[in-house]
Each structure stands twice: as structure tokens, then as C-alpha cells.
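I have placed the structure first, in the form of C-alpha cells, so that the comments after it can refer back to it.
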Amino acid sequence: MAVALGPRAARRLLLLVSALKPGLHVPRAWPAASFGSSVTSAKVAVNGVHLHYLRTGEGEHAVLLLPGMLGSGETDFGPQLKNLNKQLFTVVAWDPRGYGHSRPPDRDFPVEFFERDAKDAVDLMKTLQFKKVSLLGWSDGGITALIAAAKYPSYINKVVVWGANAYVTDEDKAIYEGIRDVSKWSERTRKPLEALYGINYFARTCEKWVDGINQFKRLPGGNICRHLLPLVQCPTLVVHGERDPLVPRSHADFIHQHVRGSRHASFGGHAAPPGAFSAAEHVGLCPGLQAVHLRVLGPHGRRAWAAHGPCPCTAGGRHPCRLHLMPEGKHNLHLRFADEFNKLAENFLQ
């Protein structure tokens, strides 16, 4: 059934189509050789399939990178595998079952596919003998990370998500339909994925993904994982690119407002009054960055408080800021602005 697009959705679809046209820069797949000799590649048996992963670093803090739709560690996280601090972190980038080099099996999308990915991800890290891990999840990987944090709270240390959504709207569904036909994608965007998957598997799996994500629209509230967000207890950083053509700001706000570990901000060690953030915005750069700007908008959009200085969220041992906006960031902000993103993630994880 056709969906009527509102003005905002029409603008998002226009941005998305523009991003897929030839002549515009889209980050390419990163060949494994570009990561350096310190990155190892392997497969391990987990839950009846052989999952592929890349691993680098020797730090005590284990970090799992979770890719987006049709993604893999190799295609989605080149700058993170190459440049995240290898003394502080042991970084693992996995290919979910049916993606990347975790084939066979072919990828399928039952209604519980995100929960299945979350269990696979956690069990992979346990198989690799990590006692506790932090998760960095992009897009679909962000959804998987939130579900994993909710269902396996004792195993998850911290979570960073960007480009994720907890539910599907009519406008979202129209955007997804806009990317169903991969022949309309630019050659620059399409070729790395065709090289990884082959033309037929890539096209077929993209169509299956669109059907898979759209099935959530038939559930009450378009629910993917909104019911699980209050169960996420660990420190959680939500990053959002304000020029993201796929995921509007409202999704980042919803996650930020409903994750238990990021619901309340504080000022100088004093908790904000109950309800102060029912329609609030909490934006900042985490400690360690030079420029800090925190602004909070009241229920009616009025600026209630603003300051330049150390991030108040860390006062008294409280968790760092929870929602970070990148004004020029798009859906692939961790690739386009890799240095800024890596520094942000490293400061939050420490």
C-alpha cells in the first residue's frame, strides 16, 4: 500500500536519493590489508553457524563493533579498526550470520532477527573468552546493541549507538522502500557490496531486508525494541548526525529518553527535578574534549540553562553525557568524521 509522505519525510527521501546518485563521495569498503598487520581475521562456531570476526588491540577493555544492514566488520568499521586505541581496547568487529564472511547460511529476517543477532553477538564474545564487553552499534547494529544490553545486562559494560531506531513509522517505511532496488544506487555505493556478496545475493538480500524491517510496522507502535529500552542499565551514549537522511532526530531522542541509564542528567552533582526532561534536550561533548557546550531546553522549547565548562554529567562520578549531536553528520558519521567519532567513543568508554 502506498504511503503518503509528509514534508519532512519527502525531504529525507530526497536526501537519500541524492546520496545514492553518482558523483558524490561515499566511503568505500576497506580492504583488510589497510588495517595493518595487527588485525587478525578468523571464524568460530557459535549457535550452529560459523561467525567471522576481525580482532585488533591488546587492551583490557573489550569492545565489539556491530555493523548495519548488509554490513560487515571490513566494510563498516575501517577507521575504528585502524585507529581506536589498541593499548586501551581489544576491538572485535563481527559479521552477523548471513552477512559478510559469516556465510553460509544465507541471511533471513524472521521477526526475531534482531534478538537472534544480539544472542549471537554476546555468545561470540563469550566464546572468545571476554568476561565483559562494551558495544558500538551502527544502524541495525545499534538496535542489536540495545537489545543485547537489555537482555544480558551483567555482560555489557557500556553502549554507544548511532543511526538506530526502536520503532518503525509510516515515514520510515517509505524511506526503506526507496532503497529496495539496488540498481538505482550509485556505482560507487553499490560496487563494494557487490564485490563482497555477488550481484544476485546483494540485490536479493537488500529486498529481504526491506521486507524484514517493514514487518515491525505491523506491530503495535511499530515496535522493534522500544519495550526493552527501560531495561538498559549500563551507561549509554546516543550519537546522532543531524543530516542523517535515513533516521530522523526523533528516534535518537526517543532512545535517549527511554534508556534507563541515560534518562536523568545532573547539574553540579544535583539531580535534575523529576519531569524536567520530559521534552528536554541534553547535548554535550564528553570529558576530554576541549569544547564543551551543554544546553537544556525546557518543556516548551525555552533555553533553561547553558554553560561552557566541564561536563556536569560527570560531577560526583555520574555518567558522561548521553546524547551527542553532530551537525554535519549523516548516517555514516563514524566514517565521514572518523577522528571526532573515535575520540568521542574512546572518552566515553574509559
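The values are calculated or read from the model by the stated rules, or taken from the named source; none is laboratory data. Fair warning: this is a prediction, and the values are worked out from it, not measured in the lab. Don't worry about glycine lacking a Cβ; one is built from the backbone with ideal geometry, like all the others, and counts go over all protein chains shown. With ligands, DNA and RNA removed, areas are computed over all heavy atoms of the protein, side chains included. Shrake-Rupley method; radii C 1.70, N 1.55, O 1.52, S 1.80 Å.
Give me the percent of the accessible area of region 30-134 that comes from carbon and sulfur atoms, probe 1.4 Å, all protein chains in place. Of the solvent-accessible surface of region 30-134, carbon and sulfur hold 50 percent. Only lysines eight or more places from Lys191 in sequence, or on another chain, were considered; those with a Cα closer than 24 Å are Lys21, Lys82, Lys208, Lys330.
The HN-Hα couplings worked out from phi for region 207-223 by the Karplus form 6.51 cos²θ - 1.76 cosθ + 1.60 (θ = phi - 60°) are 4, 5, 5, 4, 5, x, 6, 6, 5, 5, 5, 7, 8, x, x, x, 5 Hz, whole numbers, x standing for Gly and Pro. For a label point 7 Å from the Cα of Asn223 along Cα→C-beta, name the residues of region 93-116 whose backbone N is under 14 Å from it. Answer for this model: 112.
For Val46, nonlocal amide neighbours, meaning residues 5 or more places apart or on other chains whose placed amide H falls under 5 Å from its own, are Leu51.
Classification of region 75-228 by its C-alpha gyration tensor yields an oblate form. The axis ratio a/c (a ≥ b ≥ c) is 1.5 or more, and b/c is at least a/b. Taken per residue, the accessible surface of region 77-192 reaches 34 Å², heavy atoms only and a 1.4 Å probe. According to the square roots a ≥ b ≥ c of the eigenvalues of the Cα gyration tensor, what is the shape class of region 193-242, taking rounded for a/c under 1.5, prolate for a/b larger than b/c otherwise, and oblate for the remainder? Cα axes put region 193-242 in the oblate bin.
Which of rounded, prolate, oblate describes region 158-251, given a ≥ b ≥ c as roots of the alpha-carbon gyration tensor eigenvalues and a/c under 1.5 marking rounded, otherwise prolate only if a/b is larger than b/c? Cα axes put region 158-251 in the prolate bin.
Going by accessible surface with a 1.4 Å probe and the largest first, Lys126, Lys86 read Lys126, Lys86. Charged neighbours of Val111, selected by a Cβ distance under 14 Å, balance to -1 (K, R count +1; D, E count -1). Across region 340-350, coupling constants 3J(HN,Hα) worked out from phi with the 6.51/-1.76/1.60 Karplus curve, θ = phi - 60°, read 5, 5, 4, 5, 4, 5, 4, 5, 6, 6, 6 Hz, and Gly and Pro carry x. Once amide H atoms are placed 1.01 Å from N in the peptide plane, what residues at a sequence separation of 5 or more from Gly329, or on another chain, have their amide H within under 5 Å of its amide H? When sequence neighbours closer than 5 places are left aside, the close amide H contacts are Glu242, Arg243.
Working note: Karplus 6.51/-1.76/1.60 with θ = phi - 60° gives region 230-237 the couplings x, 8, 7, 9, 7, x, 10, 10 Hz, where Gly and Pro are set to x. With all protein chains in place and ligands, DNA and RNA left out, the 1.4 Å accessible area ranks Met326, Met69 as Met69, Met326, largest first. Taking all protein chains as shown and a probe of 1.4 angstrom, Asp253 keeps an accessible surface of around 30 Å². With both residues required to sit in region 34-186, DSSP beta bridges show an antiparallel share near 45%. The stretch between Lys43 and Arg103, if pulled fully straight at 0.36 nm per residue, gains 20.6 nm over its current Cα-Cα span. Close amide H partners of Leu323, meaning residues 5 or more places away or on another chain with modelled amide H under 5 Å apart, are Val238, Gly284.
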